[in-house]
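**Q** First, the structure itself, so that you have it in front of you.
The values are calculated or read from the model by the stated rules, or taken from the named source; none is laboratory data. For clarity, every value in this text was computed on a predicted model and none was experimentally measured. Neighbour counts run over all protein chains shown; Cβ positions are idealised from the backbone, glycine included. To get the accessible areas, we keep the full protein, side chains included, count just its heavy atoms, and leave off ligands, DNA and RNA. Shrake-Rupley method; radii C 1.70, N 1.55, O 1.52, S 1.80 Å.
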Amino acid sequence: MRIDHTIAFRSIITIVKGAKKKLIGKKIKSVEIRVPKMVNFLVKEFKKGSIGAEIKDIRRFAKIIVIDLSNGNSILIHLKLTGQLVYAGPSKIGQIEIEKGGHPSRVYDQPLPHNYTHVIFKFNDKSHLYYNDIRKFGYLKLVKTAEMGERPEIKNLGPEPLDGWKYEEFKTKLARRERSKIKQVLMDQKFVSGIGNIYANEIMFYARISPDRLIGTLTEEEKKKVFKGIQFILKKGIELGGSSENTYVNLEGKKGDFMKYARVYQQKVCKICVGPIKRINIGGRGTFYCPSCQV
Ligand SMILES: [Zn+2]
């Protein structure tokens, strides 16, 4: 099954929410790094800079999870395509509380740690945080908290659409991409953070604009509708807990309900005009739209 970026990103909001509840205030007792590549081969540095520190805060920058420590360092975690974070709480009356966040896979459904567990944090209260990754594309990086804004991983991210992004800024950026297709530009993470394929499809439907329109052909009115659609669809996505299609489980253990909302993505019939939904390819991604409702 192809894993959509959208799934990873929107659910990262829920992972961060869950991780905040579970991890803030805990002290890192030890870190076991089973696959040095996950920390860019800086095993000693990673351990030295994290063991003994307390978790102060957990934040998110687009798809990057940031764990701020009490010693002035932060850990950046990117799950990439198959990374997963699993929290296992201290056992209470014989019960082990487990929360998962990240990408699903049947191979992950086995006792922890397993063959795909590459990094294990142990906390002072005997709880654990496991980093699992089948394909090992993800990373954990230790950086100075004060220098984080200068890190290329953070610095090159596009604006956060729900965080005070202004229409004028959107319009100015669009003007530089007049010959590109609108849907493809929305999915460019340097243009704006966090719009994956499912959301991009739904934004275009919300705006009633065909996803293959060139930006240069959009009227002022249409650009406004796209901008409004970005806000509406992303808020909807958060409200419904991410866009997990079948098996994805966020840190709170619930499947996202966004797919129940989807108007065009993987749909056959338009919910407005009852005409057929058409599927095309834009930039190699499955694109769904209603040729009657979207112009
Ligand atoms: Zn329609």
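**Q** Can you name the residue in the range 35-59 that is surrounded by fewer than 18 Cβ atoms within 10 Å (Cβ to Cβ) and part of a strand (DSSP E or B) and, of all such residues, is modelled with the lowest pLDDT?
**A** Result: 59.
**Q** Within the range 260-272, work out how many residues are open to solvent by 70 Å² or more (accessible area, probe 1.4 Å) and near the ligand (Cβ under 10 Å from one of its atoms).
**A** 4
**Q** So, one more: Can you work out which of the residues in the range 247-295 that are touching a Pro at 6+ places or on another chain (Cβ under 8 Å) and at pLDDT below 75 is farthest from residue 83 (Cα to Cα)?
**A** So, considering only residues that are touching a Pro at 6+ places or on another chain (Cβ under 8 Å) and at pLDDT below 75, the one farthest from residue 83 (Cα to Cα) is 247.
**Q** Considering only residues that are touching an Asp or Glu at 6+ places or on another chain (Cβ under 9 Å) and of a type in the set (Ser, Thr, Tyr), look in the range 273-295 and name the one that is farthest from the ligand (Cβ to nearest atom).
**A** Checked the range 273-295; the qualifying residue farthest from the ligand (Cβ to nearest atom) is 287.
**Q** Considering only residues that are open to solvent by 70 Å² or more (accessible area, probe 1.4 Å) and touching a Lys or Arg at 6+ places or on another chain (Cβ under 8 Å), which ones fall in the range 116-135?
**A** 122, 124, 135 - these are the residues of the range 116-135 that are open to solvent by 70 Å² or more (accessible area, probe 1.4 Å) and touching a Lys or Arg at 6+ places or on another chain (Cβ under 8 Å).
**Q** Could I ask something else about it? Can you name every residue in the range 74-94 that is open to solvent by less than 50 Å² (accessible area, probe 1.4 Å), over 15 Å from residue 26 (Cα atoms) and either in contact (Cβ under 8 Å) with a residue 60 or more places away in the chain or not in a strand (DSSP E or B) (or both)?
**A** If the condition is that a residue be open to solvent by less than 50 Å² (accessible area, probe 1.4 Å), over 15 Å from residue 26 (Cα atoms) and either in contact (Cβ under 8 Å) with a residue 60 or more places away in the chain or not in a strand (DSSP E or B) (or both), then 76, 77, 78, 79, 82, 85 are the ones that fit.
**Q** May I ask you to say which residue of 122, 166 is touching a strand residue (DSSP E or B) at 6+ places or on another chain (Cβ under 6 Å) and more than 20 Å from residue 12 (Cα to Cα)?
**A** 122
**Q** Give all pairs with beta carbons closer than 7 Å in which a residue from the range 273-295 that is within 21 Å of residue 222 (Cβ to Cβ) meets a residue that is part of a strand (DSSP E or B) and aliphatic (A, V, I, L, M); count only pairs at least 6 apart in sequence or on separate chains.
**A** Note: pairs meeting the criteria are 277/269; 287/280.
**Q** Out of curiosity, is residue 7 closer than 14 Å to residue 77 by Cα, at pLDDT below 95 and within 20 Å of the chain's Cα centre (by Cα)?
**A** no
**Q** State all residues of the range 273-285 that are surrounded by 13 or more Cβ atoms within 10 Å (Cβ to Cβ) and assigned to a loop (DSSP other than H, G, I, E, B); if no residue qualifies, say none.
**A** 277, 283
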